[in-house]
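In what follows, a single structure is set out as C-alpha coordinates and then discussed.
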Amino acid sequence: MFSIGNSTNGVFSMKKSEQLHELRRREMVETLQRYGIVNRRVLDAFLEVPRHLFFDREARELAYSDAAYPIGFGQTISQPFTAAFMTALLVECCSSGKVLEIGTGSGYQAAILDHLGYTVFTVERIAELYERAEKHFAMLGLDITCCLGDGTLGWKSEAPFDGIMITAGAPREPQTLLDQLARNGCMVIPIGGSCSQQMTVIRRSGNDFRKEIFQQFSFVPLVGREGWNDTVF
Ligand code: SAM
(Lines give C-alpha, C1' and ligand atoms only; values in the text may rest on other atoms or scores of the structure.)
Protein backbone atom coordinates (compact mmCIF):
# COMPACT_ATOMS: atom_id res chain seq x y z
CA MET A 1 0.00 0.00 0.00
CA PHE A 2 2.83 2.45 0.82
CA SER A 3 5.63 3.27 -1.66
CA ILE A 4 8.94 4.15 -0.07
CA GLY A 5 10.45 6.31 -2.87
CA ASN A 6 13.95 6.31 -4.36
CA SER A 7 17.12 6.39 -2.34
CA THR A 8 19.97 8.64 -3.43
CA ASN A 9 22.41 6.19 -1.78
CA GLY A 10 21.32 3.18 -3.77
CA VAL A 11 18.93 0.29 -3.34
CA PHE A 12 21.01 -1.51 -0.72
CA SER A 13 21.12 1.36 1.78
CA MET A 14 17.45 2.10 1.13
CA LYS A 15 16.58 -1.49 2.01
CA LYS A 16 18.81 -1.38 5.07
CA SER A 17 17.22 1.81 6.40
CA GLU A 18 13.73 0.48 5.66
CA GLN A 19 14.59 -2.71 7.57
CA LEU A 20 15.73 -0.57 10.46
CA HIS A 21 12.50 1.46 10.38
CA GLU A 22 10.52 -1.77 10.32
CA LEU A 23 12.40 -3.07 13.35
CA ARG A 24 11.80 0.23 15.21
CA ARG A 25 8.14 0.12 14.23
CA ARG A 26 7.85 -3.35 15.78
CA GLU A 27 9.48 -2.03 18.97
CA MET A 28 7.05 0.91 19.00
CA VAL A 29 4.10 -1.48 18.77
CA GLU A 30 5.53 -3.60 21.60
CA THR A 31 5.60 -0.40 23.67
CA LEU A 32 1.96 0.31 22.77
CA GLN A 33 1.06 -3.20 23.95
CA ARG A 34 2.96 -2.71 27.20
CA TYR A 35 0.97 0.51 27.75
CA GLY A 36 -2.30 -1.39 27.34
CA ILE A 37 -3.32 -1.14 23.68
CA VAL A 38 -4.79 -4.56 22.93
CA ASN A 39 -6.97 -4.13 19.85
CA ARG A 40 -5.27 -6.30 17.19
CA ARG A 41 -6.64 -4.27 14.25
CA VAL A 42 -5.19 -1.10 15.77
CA LEU A 43 -1.82 -2.69 16.58
CA ASP A 44 -1.56 -4.05 13.02
CA ALA A 45 -2.28 -0.61 11.56
CA PHE A 46 0.52 0.92 13.68
CA LEU A 47 2.78 -1.93 12.56
CA GLU A 48 2.03 -1.38 8.90
CA VAL A 49 1.83 2.40 8.43
CA PRO A 50 5.36 3.85 8.05
CA ARG A 51 5.30 6.72 10.57
CA HIS A 52 8.77 7.92 9.49
CA LEU A 53 7.37 8.97 6.08
CA PHE A 54 5.38 11.68 7.88
CA PHE A 55 8.61 13.18 9.26
CA ASP A 56 11.16 15.38 7.50
CA ARG A 57 14.01 13.23 6.16
CA GLU A 58 16.52 14.48 8.75
CA ALA A 59 14.22 13.59 11.68
CA ARG A 60 13.10 10.15 10.51
CA GLU A 61 15.26 8.25 12.95
CA LEU A 62 13.16 9.76 15.77
CA ALA A 63 9.86 8.62 14.25
CA TYR A 64 9.45 5.47 16.33
CA SER A 65 10.13 6.77 19.82
CA ASP A 66 6.95 7.05 21.86
CA ALA A 67 6.92 10.83 21.89
CA ALA A 68 5.16 13.75 20.25
CA TYR A 69 7.37 15.60 17.76
CA PRO A 70 7.23 19.18 16.43
CA ILE A 71 5.97 19.55 12.84
CA GLY A 72 6.34 23.34 12.65
CA PHE A 73 3.96 26.28 13.31
CA GLY A 74 3.83 25.36 17.01
CA GLN A 75 2.11 22.03 16.23
CA THR A 76 3.04 18.39 16.82
CA ILE A 77 2.52 14.90 15.48
CA SER A 78 0.89 13.18 18.48
CA GLN A 79 2.73 10.61 20.58
CA PRO A 80 2.12 7.09 19.14
CA PHE A 81 0.43 5.99 22.40
CA THR A 82 -2.00 8.93 22.21
CA ALA A 83 -2.84 8.22 18.57
CA ALA A 84 -3.26 4.49 19.29
CA PHE A 85 -5.47 5.18 22.34
CA MET A 86 -7.77 7.43 20.30
CA THR A 87 -7.81 4.99 17.39
CA ALA A 88 -8.75 2.10 19.69
CA LEU A 89 -11.63 4.15 21.13
CA LEU A 90 -12.88 5.00 17.64
CA VAL A 91 -12.59 1.40 16.39
CA GLU A 92 -14.52 0.18 19.42
CA CYS A 93 -17.43 2.59 18.96
CA CYS A 94 -17.44 2.83 15.16
CA SER A 95 -15.80 -0.05 13.36
CA SER A 96 -16.31 1.13 9.76
CA GLY A 97 -17.75 3.89 7.58
CA LYS A 98 -17.07 7.54 7.02
CA VAL A 99 -14.76 9.32 9.45
CA LEU A 100 -13.90 13.00 9.85
CA GLU A 101 -10.60 13.90 11.51
CA ILE A 102 -10.11 17.46 12.75
CA GLY A 103 -6.42 18.46 12.85
CA THR A 104 -4.62 16.79 9.93
CA GLY A 105 -1.19 17.91 11.18
CA SER A 106 1.39 15.55 9.62
CA GLY A 107 -1.28 13.30 8.10
CA TYR A 108 -0.18 10.22 10.07
CA GLN A 109 -3.42 9.71 12.03
CA ALA A 110 -5.45 10.06 8.81
CA ALA A 111 -3.20 7.41 7.19
CA ILE A 112 -3.85 5.07 10.14
CA LEU A 113 -7.62 5.56 9.74
CA ASP A 114 -7.37 4.99 5.99
CA HIS A 115 -5.38 1.80 6.63
CA LEU A 116 -8.17 0.60 8.93
CA GLY A 117 -10.58 0.84 5.99
CA TYR A 118 -12.50 4.00 6.92
CA THR A 119 -13.38 6.57 4.26
CA VAL A 120 -11.36 9.47 5.62
CA PHE A 121 -11.96 13.21 5.49
CA THR A 122 -9.57 15.48 7.37
CA VAL A 123 -9.45 19.23 8.03
CA GLU A 124 -6.42 21.35 8.95
CA ARG A 125 -6.44 25.09 9.74
CA ILE A 126 -2.77 25.86 8.97
CA ALA A 127 -2.22 26.21 5.21
CA GLU A 128 1.40 24.97 5.18
CA LEU A 129 0.51 21.80 7.13
CA TYR A 130 -2.53 21.15 4.94
CA GLU A 131 -0.42 21.49 1.76
CA ARG A 132 2.35 19.24 3.11
CA ALA A 133 -0.11 16.55 4.22
CA GLU A 134 -1.98 16.68 0.91
CA LYS A 135 1.34 16.15 -0.94
CA HIS A 136 2.19 13.20 1.34
CA PHE A 137 -1.20 11.57 0.73
CA ALA A 138 -0.75 11.92 -3.04
CA MET A 139 2.85 10.65 -2.92
CA LEU A 140 1.83 7.62 -0.87
CA GLY A 141 -1.23 6.94 -3.03
CA LEU A 142 -3.65 7.34 -0.11
CA ASP A 143 -7.29 8.05 -0.88
CA ILE A 144 -7.80 10.65 1.86
CA THR A 145 -9.79 13.81 1.23
CA CYS A 146 -8.43 16.86 3.01
CA CYS A 147 -9.37 20.50 3.20
CA LEU A 148 -8.09 23.72 4.69
CA GLY A 149 -10.36 25.45 7.16
CA ASP A 150 -11.79 25.66 10.64
CA GLY A 151 -12.58 22.05 11.56
CA THR A 152 -14.79 23.08 14.49
CA LEU A 153 -17.38 23.81 11.79
CA GLY A 154 -17.03 20.30 10.37
CA TRP A 155 -17.60 19.39 6.74
CA LYS A 156 -21.28 20.02 6.08
CA SER A 157 -21.43 18.79 2.49
CA GLU A 158 -19.96 15.40 3.50
CA ALA A 159 -21.96 14.92 6.73
CA PRO A 160 -23.19 12.78 8.40
CA PHE A 161 -20.08 10.96 9.67
CA ASP A 162 -20.05 7.59 11.43
CA GLY A 163 -17.06 8.77 13.42
CA ILE A 164 -15.41 12.10 14.21
CA MET A 165 -11.94 12.29 15.78
CA ILE A 166 -10.61 15.60 17.06
CA THR A 167 -6.83 15.54 17.47
CA ALA A 168 -6.47 18.90 19.25
CA GLY A 169 -7.55 19.91 22.76
CA ALA A 170 -11.07 21.38 22.87
CA PRO A 171 -12.63 23.54 25.60
CA ARG A 172 -15.95 21.71 24.93
CA GLU A 173 -17.52 19.55 22.22
CA PRO A 174 -18.35 21.71 19.18
CA GLN A 175 -22.14 21.62 18.65
CA THR A 176 -21.72 21.78 14.86
CA LEU A 177 -19.64 18.58 14.96
CA LEU A 178 -22.21 16.83 17.18
CA ASP A 179 -24.86 17.79 14.61
CA GLN A 180 -22.75 16.24 11.83
CA LEU A 181 -22.54 12.83 13.56
CA ALA A 182 -24.66 10.06 12.07
CA ARG A 183 -27.57 9.03 14.31
CA ASN A 184 -25.53 6.10 15.64
CA GLY A 185 -22.19 7.81 15.26
CA CYS A 186 -19.50 8.55 17.82
CA MET A 187 -16.91 11.21 18.50
CA VAL A 188 -13.49 10.90 20.14
CA ILE A 189 -12.36 14.25 21.54
CA PRO A 190 -9.95 15.52 24.22
CA ILE A 191 -11.83 18.08 26.33
CA GLY A 192 -10.44 20.31 29.06
CA GLY A 193 -8.24 23.30 29.76
CA SER A 194 -5.32 24.61 27.76
CA CYS A 195 -2.75 22.38 29.56
CA SER A 196 -4.51 19.03 29.88
CA GLN A 197 -7.66 17.40 28.60
CA GLN A 198 -9.64 14.25 29.32
CA MET A 199 -10.14 11.88 26.44
CA THR A 200 -13.87 11.70 25.86
CA VAL A 201 -16.10 9.48 23.74
CA ILE A 202 -19.53 10.84 22.81
CA ARG A 203 -21.98 8.32 21.37
CA ARG A 204 -25.04 9.54 19.53
CA SER A 205 -28.22 7.53 19.55
CA GLY A 206 -30.85 9.54 17.71
CA ASN A 207 -31.08 12.81 19.60
CA ASP A 208 -29.44 11.36 22.69
CA PHE A 209 -25.70 11.96 23.32
CA ARG A 210 -23.84 9.90 25.96
CA LYS A 211 -20.40 10.85 27.23
CA GLU A 212 -17.72 8.51 28.55
CA ILE A 213 -14.53 9.93 30.03
CA PHE A 214 -11.06 8.36 29.93
CA GLN A 215 -7.58 9.36 31.01
CA GLN A 216 -5.84 12.74 30.68
CA PHE A 217 -3.67 13.84 27.78
CA SER A 218 -2.03 17.07 26.73
CA PHE A 219 -2.83 18.39 23.26
CA VAL A 220 -2.14 21.55 21.29
CA PRO A 221 -5.33 23.67 21.25
CA LEU A 222 -8.29 23.30 18.93
CA VAL A 223 -8.49 26.86 17.64
CA GLY A 224 -11.62 28.00 15.88
CA ARG A 225 -15.15 29.39 16.01
CA GLU A 226 -16.30 26.55 18.32
CA GLY A 227 -12.90 25.96 19.91
CA TRP A 228 -10.36 28.23 21.59
CA ASN A 229 -9.96 31.82 20.53
CA ASP A 230 -6.48 32.10 18.93
CA THR A 231 -5.69 35.28 20.88
CA VAL A 232 -5.62 33.12 24.04
CA PHE A 233 -2.37 31.35 22.88
N1 SAM B 1 -3.47 14.27 13.75
C2 SAM B 1 -2.19 14.92 13.59
C3 SAM B 1 -1.13 13.99 13.08
O4 SAM B 1 -1.39 12.79 12.89
O5 SAM B 1 -0.03 14.49 12.87
C6 SAM B 1 -1.71 15.62 14.83
C7 SAM B 1 -2.58 16.73 15.20
S8 SAM B 1 -1.81 18.03 16.06
C9 SAM B 1 -1.69 17.35 17.67
C10 SAM B 1 -3.24 19.10 16.11
C11 SAM B 1 -3.55 19.74 14.77
O12 SAM B 1 -4.83 20.35 14.86
C13 SAM B 1 -2.58 20.84 14.38
O14 SAM B 1 -2.06 20.57 13.11
C15 SAM B 1 -3.44 22.10 14.37
O16 SAM B 1 -3.07 23.06 13.42
C17 SAM B 1 -4.80 21.52 14.07
N18 SAM B 1 -5.96 22.34 14.45
C19 SAM B 1 -6.17 23.07 15.57
N20 SAM B 1 -7.37 23.68 15.53
C21 SAM B 1 -7.95 23.31 14.34
C22 SAM B 1 -9.19 23.59 13.70
N23 SAM B 1 -10.12 24.39 14.25
N24 SAM B 1 -9.43 23.04 12.51
C25 SAM B 1 -8.53 22.24 11.90
N26 SAM B 1 -7.33 21.94 12.45
C27 SAM B 1 -7.05 22.46 13.65
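The values are calculated or read from the model by the stated rules, or taken from the named source; none is laboratory data. If you're wondering where the values come from, they're calculated on a predicted model, not measured in any experiment. Reconstructed Cβ throughout: ideal geometry from the backbone, glycine too, with neighbour counts over all protein chains shown. Accessible surface is based on the protein model in full, side chains and every heavy atom, while ligands, DNA and RNA are left aside. Shrake-Rupley method; radii C 1.70, N 1.55, O 1.52, S 1.80 Å.
Nearest 20 debye, what's the magnitude of the dipole of the chain about its Cα centre given +1 on Lys and Arg Cβ and -1 on Asp and Glu Cβ? Can you show the working numbers first?
Numbers: 23 positive and 27 negative charges, 71 e Å.
In debye, rounded to 20, the chain gives about 340.
Quick one: Cα centre-to-centre distance for segment 60-122 and segment 171-186, in angstrom?
Measuring centre to centre over Cα atoms gives 19 Å.
Evaluate 2.2 N^0.38 Å with N set to the residue count of the chain, then give the Cα radius of gyration divided by it.
Numbers: Rg = 17.1 Å, N = 233, 2.2 N^0.38 = 17.5 Å.
Here the answer is 0.98, to two decimals.
Place a label point 7 angstrom from the Cα of Leu20 along the Cα-to-Cβ direction, then list the residues of segment 40-63 whose backbone nitrogen is under 13 Å away.
58-63
How many percent of DSSP beta bridges within the chain run antiparallel, rounded to 5?
Among the beta bridges of the chain, antiparallel pairing accounts for roughly 45 percent.
I'd like to compare 76-86, 194-204: which one has the highest average count of other Cβ atoms within 10 Å, and what's the full order after that?
Going by the mean number of other Cβ atoms within 10 Å, highest first, we get 76-86, 194-204.
With all protein chains present, how much of the accessible area of the chain (probe radius 1.4 Å) comes from carbon and sulfur, to the nearest whole percent?
Values: 5460 of 11220 Å².
Whole-percent figure for carbon plus sulfur exposure: 49.
Which percent of the Cα-Cα distances in segment 194-233 go past 10 Å?
That tail contains 74 percent of the Cα-Cα pairs.
Where in the chain are the helices, taken as whole DSSP H runs, whose Cα atoms extend 27 angstrom or more along the long axis and whose Kyte-Doolittle mean reaches at least 1.0? Each step should come with its number before you reach the end.
Working: long enough: 11-34 (34 Å, -1.08).
For the chain, where a helix must reach 27 Å along its axis and average at least 1.0, there are no hits.
5 Å is the cut-off here: which amide hydrogens, built 1.01 Å from N in the peptide plane, fall below it relative to Leu181, excluding neighbours closer than 5 in sequence?
Long-range HN contacts for Leu181: Phe161.
Check cross-link reach from Lys211 to the lysines: straight Cα distance under 30 Å, and skip same-chain residues fewer than eight apart.
Cα-Cα hits under 30 Å: Lys98, Lys156.
For Tyr69, what accessible surface area do you get with a 1.4 Å probe? Give it in Å², rounded to 10.
The accessible area of Tyr69 comes to roughly 70 Å².
For Thr231 and Ser205, what does the FRET efficiency come to when R0 = 45 Å and r is the distance between their Cβ atoms, rounded to the nearest 0.05?
On the way: r = 37 Å, r/R0 = 0.83.
E(calc), rounded to 0.05, equals 0.75.
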